[in-house]
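What follows is a single structure, written as C-alpha cells, with notes after it.
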Amino acid sequence: MVGVKEVAENIYMIDDNLYSIPEFGSVYLINEEKKALIDTGPTPSANVVLDGIKETGVSPADIDYLIVTHIHLDHAGGAGFLIRDMPKAQAVVHNRGARHLIDPTRLVSSAMAAQDRVDEGLVKETEVVPIAAERVKSVYDGDTIRLGERQTLRIIDAPGHAPHELCIHESRNNGLFTGDAAGICVGAHKALIMVNAPPSFDLELSLTTVKKLMEIQPSRLYYAHFDVADDAEQKLRWALDTLNLWDDITSQAVKYNRFNEAEERLMAQAYDTLEPIRGEWPLVYEYMAKHDVPMSIGGFLKYYRDKHGMN
Ligand SMILES: [Zn+2]
C-alpha cells in the first residue's frame, strides 16, 4: 500500500519512499484530460511510484508528461525507468538539464563524487536509464503546457539550488511545485533547510528565485520534500530568511577573519532547525543531519570562498 492522497483538485501526492524513508520524497500526479507526473524519484523508488499512480485509478500508459523539477537523482533519476511503462509520455526538463537525461553518464559520476557514501542505496540510485532524445522536451522560462480546460502549467526558471532547476505553476489551484528551490521542508513542515548543493549553488540566484516565487503569490506549495503547505507566503519568507541568516553568519565570520567559525555556527543553526522533528521523524532527521546539512554548508562556504577569492 503506497502513501497516496489527493492534495488539491485533481492533484495527488505519492510518497515515493525516498531512500526507504517515509515522508521524505513527494511525487505528484496531475490528473486532467492530459496527465502529468511532477518528478519521478530515483530508480529504487520507481515501482513505488508506478503503484502509486495505479492507486489513483490512472494507468501509467495514460501519462502524457513526465516533468522533472531538476535532474538531481532523487528527482529525476527514475525517469528513464518509468518512461518505459509510459509509451506516450514525453520527459519535460529544463533546457540546461536535457542532455543529462539523454546521456546520464556525467550526472551519475558527479552524484557519486558528491556523496561520501558508496553504500548499496547509492549504487541502486545511480542505476539510471537513458531516455531517447526524441522523447525529451527542453523547456524555458514562461513556457506553458495545457493539460485541460482549467489546468495550464507554466514553467518558471528557478536557478540557485541548481542551474537546471525549474518550478511549475498550476492554474487550477494556484499552486507551485517548488522542487528544491524553496528548500526542504519536512516533518509536517516543522523544519526547513535550504539545500545549497555544491558545486553550483549560487546565493544571489537563490535569493532572486525565492523572491520571484513570492511575487507569483501562490496559494500553496507542493514540496518535493515533503507534502503540501497551504501557507505559501510564510514558507517562502522562511526560505528567504534562512538564506539571509546564513549569509549574515558567513559575512560576519569573514569580516572578523574567522571564516572557520562560520562552519560551526551554520552547523549549530541547522541542528537547531532540525530539532523539532528529531523525535517524531527520526529517519528524516538522521538522513538530513548526516547528508543534507554537511552538503548544504559545504556548498554555501564554497560559494563564499569563490566569491571572495578565498581557499
Ligand atoms: Zn531533492
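The values are calculated or read from the model by the stated rules, or taken from the named source; none is laboratory data. This is a predicted model, so every value here is computed, not measured. Counting neighbours? That spans all protein chains shown, and the Cβs are built from the backbone with ideal geometry, glycine included.
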Please work out which residue is surrounded by the fewest Cβ atoms within 10 Å (Cβ to Cβ), limiting yourself to the stretch 2-56 and to residues that are among the small types (Gly, Ala, Ser) and on the phi < 0 side of the Ramachandran plot. GLY3
Which one is farthest from the chain's Cα centre (by Cα), of the residues in the stretch 136-158 that are surrounded by fewer than 21 Cβ atoms within 10 Å (Cβ to Cβ) and part of a loop (DSSP other than H, G, I, E, B)? GLU149
Going by what's in this entry, would LEU37 be described as among the aliphatic types (A, V, I, L, M), more than 26 Å from ASN174 (Cβ to Cβ) and either touching a residue at least 60 places away in the same chain (Cβ under 8 Å) or more than 15 Å from the ligand (Cβ to nearest atom) (or both)? no
Conditions (1) within 30 Å of GLY279 (Cα to Cα); (2) in contact with a strand residue (DSSP E or B) (Cβ under 8 Å, 6 or more places away or on another chain); (3) of a type in the set (A, V, I, L, M, F, W, C); number of the one not met by ALA197: (2)
Index of the failed condition, ALA133 passing every other in (1) within 16 Å of the ligand (Cβ to nearest atom); (2) modelled with pLDDT of 95 or more; (3) at negative phi; (4) not hydroxyl-bearing (Ser, Thr, Tyr): (1)
Flagged in the stretch 264-311 as over 20 Å from LEU18 (Cβ atoms) and touching a Gly at 6+ places or on another chain (Cβ under 9 Å), in numbering order, are PRO276
Flagged pairs (Cβ under 9 angstrom, 6 or more apart or on separate chains; first in the stretch 227-239, within 19 Å of ILE14 (Cβ to Cβ); second surrounded by 20 or more Cβ atoms within 10 Å (Cβ to Cβ) and aromatic (Phe, Trp, Tyr)) are VAL228/TYR28; VAL228/TYR222; ALA229/TYR222; ALA229/TYR223
